[in-house]
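Accompanying notes for the structure given below.
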Amino acid sequence: MDTLTETWPRNEAPRTTADWQAADRAHHLHSFTDPAVIRDKGSRIITGAEGCHVIESDGRRILDGMAGLWCVNVGYGRPELADAAHAQMTALPYYNNHFQSATPSMIALAEVLAELTPDGINHFTFANSGSEANEVIIRLARYYWQLKGQPHKRTIISRTLAYHGSTVATSSLGGMPLMHDNDGGVLPQITHIEHPHWYVNGGDLTPAQYGLKAAQALEARILELGADTVAAFIAEPIQGAGGVIVPPETYWPEIQRICKTYDVLLIADEVICGFGRTGSWFGSQTIGIEPDFMPMAKGLSSGYIPVAAVGVHDRIFDVIERGGLWPHGYTYSGHPVACAVALANIAIIKRENLVARVRDDIGPYFQSRLEDLAQSHPLVGERRGVGLMAALQLVRNKATREVCTPEDNAAIFCRETCYDKGLIARAVGQSMVMSPPLTITRNEINDMVAILTRALDATAQKLGYI
């Protein structure tokens, strides 16, 4: 029986999957989706979730290898988070943080984040998404230099294939060509350098040599623009939506040297890497980055409710504190319910030692299983990743590092085959990407790899590899 067990609104007669698809087709514009696909195939109706699985309207359970959108770190179905939301809604459903106001959950969340973030990140402002957090970053970085008497330091340098949000400003801040094309180009005073992917861009250089070369592109761009015009450099510790790009070990030390040399602020975008994903509370701690700003979201509430934060280093706050009224804020900045859920989420991560589990146990197992697959499968040239985020690079030739082309349609075909077989993975460029909940078990990882192997086999057969 293809009928939902729950209906919405509650007083409606039960709707079938086809009913939901028809209503969706008629009224809903999907994110990052071709409307023709919804028109012709219909949407996938997700009605429930438990642990590391989501449940479709026909009752089929699917292993969620992406933790939603990189965010459901503690897994699905946590009553503690619903309870925290209910308790806060009952006590105080809403109040803002404008005009000298604050709420206990907002204050407590800032206090907890100061304990978890790298040394010196002790001040926080709140938002509702990673996109909004990075909007705040743009304004804060430029405001800081204005207060320092250097108002011409406004340009922000980012990287190609970076993802920092979907607003007009943050899509420019990111390095996704499709998003730039949709918006008619990149906003002024934002520019990009090459993303540090050795396998694709390194040529004959060793990873160590290429890491230095990729980092020194930042120095070259600063000198080209003039250091007196450059406000900041923004980068994810590990590029997530760009394809889980892990820089060579030489990259980040050189980036930090360059930022310090030319007095350029360093922004570590922790929206994906934060809250245990890399085996530390933050990717900056895994890699050894000392940021001036840290935007964060996603794992902050495990996606249970929209919330984001921007961590500000003491050296930045000391200037802002003396600058008078800070002219920025959102209606829902530091929403008390969102902060309460975030606090309960962090408590689960602490209580269940999920960060250490990713670092010492399940993360290494996940990476080793994928490395075995990369070594043995003719379609996979590279396994890259840290903790519980990874990518498999699909290639035409393993010996020459020739990657599949968009015309091959390898990653999209593999992604769709994974879904048909019961696994949500993501196609990014010509890579298969995975980022499961931090609670995933070894048996579930084995299931993931088994399905992924079958999907890769089908893709290789389609391309004539086997």
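Please treat every number below as a calculation from the coordinates, not as lab data. The shown structure was predicted, so the numbers you read here are calculated from the model rather than taken from an experiment. Every residue, glycine as well, gets a Cβ built from its backbone with ideal geometry; the counts of neighbours run over all protein chains shown.
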Enter the mean projected area of the convex hull around the alpha-carbon atoms of region 246-348, in nm², rounded to one decimal.
8.0
Please state the shape class of region 139-203: rounded when a/c is under 1.5, otherwise prolate if a/b exceeds b/c and oblate if not, all from the C-alpha gyration tensor.
oblate
Specify the inter-centroid distance of region 23-56 and region 377-423, based on alpha-carbon positions, in whole Å.
24
Relative contact order of the chain: what whole-number percent is it, with Cα pairs under 8 angstrom and at least 6 residues apart?
19
Across the chain, qualifying lysine pairs (alpha carbons under 24 Å, at least 8 places apart or different chains) come out at 9
Using label points projected 7 Å from each Cα along Cα→Cβ, tell me how many nm separate GLN461 and GLN375, to one decimal.
2.6
Once a ≥ b ≥ c are taken as the square roots of the eigenvalues of the Cα gyration tensor of region 76-173, is the result rounded (a/c under 1.5), prolate (a/b larger than b/c) or oblate (a/b not larger than b/c)?
prolate
Plugging the Kirkwood radius over Cα pairs into Stokes-Einstein for region 80-351, at a temperature of 4 °C and a viscosity of 1.567 mPa s, what D comes out in µm²/s?
68
Taking region 80-351 and dividing mean pair separation by its residue count, relative contact order in percent (alpha carbons under 8 Å, at least six apart)
29
Averaging over every viewing direction, what projected area does the convex hull of the Cα atoms of region 361-466 cover, in nm²?
5.9
In percent, what relative contact order does region 345-466 have, based on Cα pairs under 8 Å that are 6 or more apart in sequence?
23
Classify region 426-466: rounded, prolate or oblate, from the alpha-carbon gyration tensor (a ≥ b ≥ c, eigenvalue square roots; a/c under 1.5 rounded; otherwise prolate if a/b is larger than b/c)?
oblate
Set the Förster distance to 22 Å, then compute FRET efficiency between THR191 and GLU249 from the Cβ-Cβ distance, nearest 0.05.
0.30
Quick check on packing: order 36-44, 374-382, 279-287, 16-24 by the mean number of other C-beta atoms within 10 Å, highest mean leading.
279-287, 374-382, 16-24, 36-44
Output needed for the chain: three equivalent-ellipsoid semi-axes, defined as square roots of 5 times the C-alpha gyration tensor eigenvalues, in descending order, whole Å.
34, 30, 21
Under a point-charge model restricted to the Cβ atoms of Lys and Arg (+1) and Asp and Glu (-1), what is the dipole moment magnitude of region 1-159 relative to its Cα centre, in debye to the nearest 20?
840
Rounding to the nearest 20 debye, state how big the charge dipole of region 118-194 is about its Cα centre with +1 on each Lys and Arg Cβ and -1 on each Asp and Glu Cβ.
380
Estimated distance in nm for a label pair at ASP181 and GLU321, the labels positioned 7 Å out from Cα along Cα-to-Cβ
4.9
